[in-house]
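Student: A single structure is presented below for examination.
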Amino acid sequence: QSASGNANQLDDYEEGTWTPVFKLGTTDNTASVLAATYTKIGRVVYIQCQVTIDNSTSGTGDCTVHGLPFTVTTGTGGFKVVGNDNMDFTDVECVPKAADVYCYLYKFSTSTTGVLSTMTNSHVHATNGSKQLRFSAWYIV
């Protein structure tokens with residue numbers, strides 16, 4: 001809110017693009033960014049992203065998406081992966097890393113209802129090509 005405006009005046013609004021980087025451990029597995037936009041309203045950032053994942057089997061470790069447009073202040077956020085093509089996972093959530101500019105990907109366990117487990121390279125390197133990660137999310141700055 002602006003000091004000179006009324007209580008209903010919006011003074012912090014921004015739109016733009018960002019560059020997501022999909023990593024397995026420390027290895028960049030992003031083949032191309034098809035779309036990545038954000039809208040910041042006050043302290044809340046809404047992001048959308050669609051990336052193609054490379055077809056190699058390089059990289060081991062946790063799946064993360066780096067390059068968020070603003071630093072996350074707390075681990076609060078609502079990330080939901082809305083699509084994935086030719087990958088070995090379903091029901092994926094994305095959790096922001098507090099005080100940083102990336103998020104971890106987690107998947108719901110198929111054997112235990114409601115339990116999240118960290119996604120790793122074994123969930124991503126399916127034999128099919130043209131893997132895509134698509135999601136929209138929000139988080140607090």
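Student: Starting from residues that are at pLDDT 90 or above and hydroxyl-bearing (Ser, Thr, Tyr), keep the ones in the range 10-27 and report whichever is farthest from Ser136 (Cα to Cα).
Tutor: Among them, the one singled out is Tyr13.
Student: Given the conditions (1) at pLDDT 85 or above; (2) assigned to a strand (DSSP E or B), and given that Phe79 satisfies all but one, which numbered condition is not satisfied?
Tutor: (1)
Student: Go through the range 3-42 and tell me which strands (runs of 3 or more DSSP E), entirely inside it, have 1 or more residues that are closer than 18 Å to Cys94 by Cα, out of contact with any Gly (no Cβ under 7 Å at 6 or more places or on another chain) and polar (S, T, N, Q).
Tutor: Qualifying strands (runs of 3 or more DSSP E): 30-41.
Student: Could you list, ordered by first residue, the pairs with Cβ atoms under 7 Å in which the first is in the range 20-33 and on the phi > 0 side of the Ramachandran plot and the second is at pLDDT 85 or above and open to solvent by 50 Å² or more (accessible area, probe 1.4 Å), at least 6 apart or interchain?
Tutor: What qualifies is Gly25/Asp62.
Student: Which of the residues spanning the range 10-27 are open to solvent by 60 Å² or more (accessible area, probe 1.4 Å) and more than 12 Å from the chain's Cα centre (by Cα)?
Tutor: Selection gives Leu10, Asp11, Tyr13, Glu14, Glu15, Thr17, Thr26.
Student: Another question, if that's okay. Of everything in the range 82-113, what is at pLDDT below 85 and among the aliphatic types (A, V, I, L, M)? Give them in sequence order.
Tutor: Those that are at pLDDT below 85 and among the aliphatic types (A, V, I, L, M): Val82, Met87, Val92, Val95, Ala98, Leu105.
Student: Counting only residues that are open to solvent by 50 Å² or more (accessible area, probe 1.4 Å), at pLDDT 85 or above and over 15 Å from the mean Cα position of the chain (by Cα), which one in the range 28-62 is nearest to Ile140 (Cα to Cα)?
Tutor: In this case the residue turns out to be Arg43.
Student: Which of the residues that make up the range 116-134 are in contact with a strand residue (DSSP E or B) (Cβ under 7 Å, 6 or more places away or on another chain) and modelled with pLDDT of 70 or more?
Tutor: Leu116, Ser117, Thr118, Met119, Thr120, Asn121, His123, Val124, Lys131, Gln132, Leu133, Arg134
The values are calculated or read from the model by the stated rules, or taken from the named source; none is laboratory data. What you are looking at is a predicted structure, and each value in this text was computed from that prediction instead of being measured. Please note: Cβ atoms are built from the backbone with ideal geometry, for glycine as well, and neighbour counts cover all protein chains shown. Quick note on the areas: whole protein, heavy atoms, side chains included, nothing else; ligands and nucleic acids left out. Shrake-Rupley method; radii C 1.70, N 1.55, O 1.52, S 1.80 Å.
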